[in-house]
Amino acid sequence: MAPLRGACTPPGLSTHSQMAGGAVAQPLLLLLGLAAVRLSAGLPSSIAARGADRKTNASLQASGMMTVNKFRVKNNCPFSVDLYQWGAEDGGVHEFPKKFGWHTVGARTTTPPLTRPKSQADLQKEYLAKEVRGCNPLPDGSYPPQCYILDHVLFRRSGFGGLYDGVELSFDFYGGGTRLATNQVPNLCLWYGYSFSHQITAYKPGSTHLACADAGAAFLGGDLNNCEKSGGARMDCTTAEGESYGGVDGAIAPGKGGDGQACKVPECRWPKYEPGIVTGSISDCTSNPVGYLRETSYCINKVDGQVEYPKQNCLCPDPTSAGCNTITGYFAPEAIPGGSTKEPCWYPPSKMQKGRQDGTCEKMKNIPPTTPTYPTNFGVWQDCIQHNVVADVELELCPIAPAAAELKPDPCPIDFPFAHPL
């Protein structure tokens, strides 16, 4: 099983699942072009939850509950896409198909409403461990702990065996019927790189009208032609080479995983971001990958009944509050309120002076110049939760570009932009 690229939290913060390199913690071969060595590691926990738990906005502490009415995936890509742990695998895509694992969504199709077992205990009632992708059985045939990943929706191009994209949800998400409470919010997360654009949106049931003020988020930078400019390199690995080599789930063929190969089914791979601050990776707040995410990640807001895509800043019940604006999953050690552990690239006032001076950054007006960081939160659907919204949730892959009039600048821009503007 390939490491999870979409995990939005660094290793060592896990309170939920155990995954390898951010994915399922079963034996696999190292993928980042380093070595063919089996490893396992812990899945990072939710930075979204950690950020929200800081409660910099008193209004965020209000109780509420959002309910998912239906969940669907709309695949606008010209190729099929697989969703991890959502159903039976297609033998035409996977050399060793599992009864439960990668669910294939055809090119330019939309799924019917999707659901999956609500817990690993429920999953075990339906399948043997050996029948589930990512749940390699223990010697006695039983399930390994926490191999069923409910707090992410993960996806990748069908036939591709490398890393994959995802949305971190910070709660157990099983489709229709899922309920989420305060601080259980999704966020965009692209740690290792990207394969294609995607967005997640909450709509009023049975419609395409946004369900709340901060209804979604979108990564719109999925053009692989921008890979090198974004600080990455293009890689490829087929499922036979990087998913179950020799019939061993999670194994990668020696020398595969992208090293020197032509890009038949490519992805854009950014430099590995640990340990410490790695120059040029997302743990370097001034790097091209971080700047690229800032320039290509948008919130999907409802403003006076209209749809707006502002860069980075999501609306909250109090849009001038200190919280609720960052959606992008990049991080670095920062001197943040309440601690000094590895956290997101928070908005430092020293890098936001233009927004303070010209009055465009409402949230900066009352922040003392000496404040070392700008307090914020991760995630969307805070407004949905506080207003007890019932919503249809859609994950859209290769989304149609929003109208130019709907695109809005970041109202609180950072002074160090992406070094190679698109």
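The values are calculated or read from the model by the stated rules, or taken from the named source; none is laboratory data. Because the structure is a prediction, the values reported are computed rather than measured. For neighbour counting, all protein chains shown are included, and Cβ atoms are generated from backbone atoms with ideal geometry for every residue, glycine included. With ligands, DNA and RNA removed, areas are computed over all heavy atoms of the protein, side chains included. Shrake-Rupley method; radii C 1.70, N 1.55, O 1.52, S 1.80 Å.
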(request) Name every residue in region 182-202 that is open to solvent by 30 Å² or more (accessible area, probe 1.4 Å) and either farther than 27 Å from Thr110 by Cβ or in a strand (DSSP E or B) (or both), in order of residue number. (result) Thr182
(message) Checking the condition touching a residue at least 24 places away in the same chain (Cβ under 8 Å) and either surrounded by 23 or more Cβ atoms within 10 Å (Cβ to Cβ) or assigned to a strand (DSSP E or B) (or both), which residue from Gly101, Gly177 passes?
(response) Gly101
(message) Cβ-Cβ under 7 Å, sequence separation 6+ or interchain: first residue in region 126-148 and closer than 12 Å to Gly101 by Cα, partner among the basic types (Lys, Arg) and part of a loop (DSSP other than H, G, I, E, B). Which pairs?
(response) Tyr127/Lys99; Glu131/Lys98; Glu131/Lys99; Val132/Lys98; Arg133/Lys98
(request) Among the residues of region 267-280, write down those that are in contact with a Ser or Thr (Cβ under 8 Å, 6 or more places away or on another chain) and either in contact (Cβ under 8 Å) with a residue 60 or more places away in the chain or buried (at least 22 other Cβ atoms within 10 Å of the Cβ) (or both). (result) Glu267, Cys268, Trp270, Lys272, Tyr273, Glu274
(request) Could you grab me the full set of residues in region 281-308 that are surrounded by 17 or more Cβ atoms within 10 Å (Cβ to Cβ) and more than 26 Å from Leu395 (Cβ to Cβ)? (result) Ser281, Ser283, Asp284, Cys285, Ser287, Asn288
(message) So Pro78 passes all but one of these: (1) at pLDDT below 95; (2) open to solvent by less than 70 Å² (accessible area, probe 1.4 Å). Which condition number does it fail?
(response) (2)
(message) On the basis of being part of a loop (DSSP other than H, G, I, E, B), touching a Ser or Thr at 6+ places or on another chain (Cβ under 8 Å) and modelled with pLDDT under 85, does Ala332 make the cut?
(response) no
